[in-house]
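Since the structure comes first, as structure tokens, the remarks are kept for the end.
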Amino acid sequence: MAEDLVLDLEELRQLRSIAKRPRIVSLINSEIHTLEKLSKEEGPAPVPTPAKVSSTPALNYITLGSFSWDQDNEKVKIYISLEGVVQDKMEAEFKQWSFDVKFHDVQGKNYRFTSPRLNQEIVPEKSKVLVKPTRVVIMLFKASKGNWLDLQYKEDKLKPNLDKERDPMAGIMDLMKVSCLLFMLHPHVKNMYEEGDDEMKRTIAKAWTDARSGKTADPLKGYP
């Protein structure tokens, strides 16, 4: 209300400065007098207080890397040796495939233990942290019963060897074809053919036939 009176008075004074007719000036003066009287009765308008900006520095955390774990069919337990943890100064966030636990003001330091990608899915609503005198226990309840091969998810970087899936005889035939076509550029190929067994002769003959029929490049093209 006090702020509105101040604004009304300012606007009326501006109108009075541009008014020319005596009757209008008198009406404005009368209204200004009335508002000034009300303003004195209500007291001065409160000065707005600027909002305080939080200057709390960002917290630094020490990552906990040493732990042990075990499991049963329904849950996984992670054991961390850490003395002096206070339940009220701890934050825990559980998601389906990850979790993040922060321990504040533990003997003047802040600690953090997190897993960005678990090996299997968990139930966030049931998972929790138990604080013991000398350690903490993180309990992860499995979404599906069973055994975990590892706590963390690890991508399999081993790619299947496609060469092993090929027919080994096909590779041998390809090699023989190339070899035979190359040998045919030399006089010794005749001896190789005559002295070879039946399988060798069939391979050489087929390679030669394929080259002459256009299935493969003719190695003798351009030669007499």
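The values are calculated or read from the model by the stated rules, or taken from the named source; none is laboratory data. Nothing here was measured: the structure is a model prediction, and the numbers come from that model. Positions of Cβ are generated from backbone atoms using ideal geometry, with glycine treated the same way; all protein chains shown enter the neighbour counts. Remember, those area values only see protein heavy atoms, side chains included, never the ligands or the DNA or RNA. Shrake-Rupley method; radii C 1.70, N 1.55, O 1.52, S 1.80 Å.
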For the subset of the stretch 135-163 comprising residues that are open to solvent by 80 Å² or more (accessible area, probe 1.4 Å) and in contact with a strand residue (DSSP E or B) (Cβ under 8 Å, 6 or more places away or on another chain), which member is modelled with the lowest pLDDT?
153
Could you list, in sequence order, the residues of the stretch 120-134 that are part of a loop (DSSP other than H, G, I, E, B) and surrounded by fewer than 16 Cβ atoms within 10 Å (Cβ to Cβ)?
121, 123, 125, 126, 132, 133, 134
Which residue pairs have Cβ atoms closer than 8 Å, lie 6 or more positions apart in sequence or on different chains, and pair a first residue in the stretch 28-41 that is under 15 Å from residue 3 (Cβ atoms) with a second residue that is open to solvent by 60 Å² or more (accessible area, probe 1.4 Å) and of a type outside the set (Val, Ile, Thr)?
35/8
Which of the residues that make up the stretch 113-132 are within 23 Å of residue 82 (Cα to Cα) and touching an Asp or Glu at 6+ places or on another chain (Cβ under 7 Å)?
114
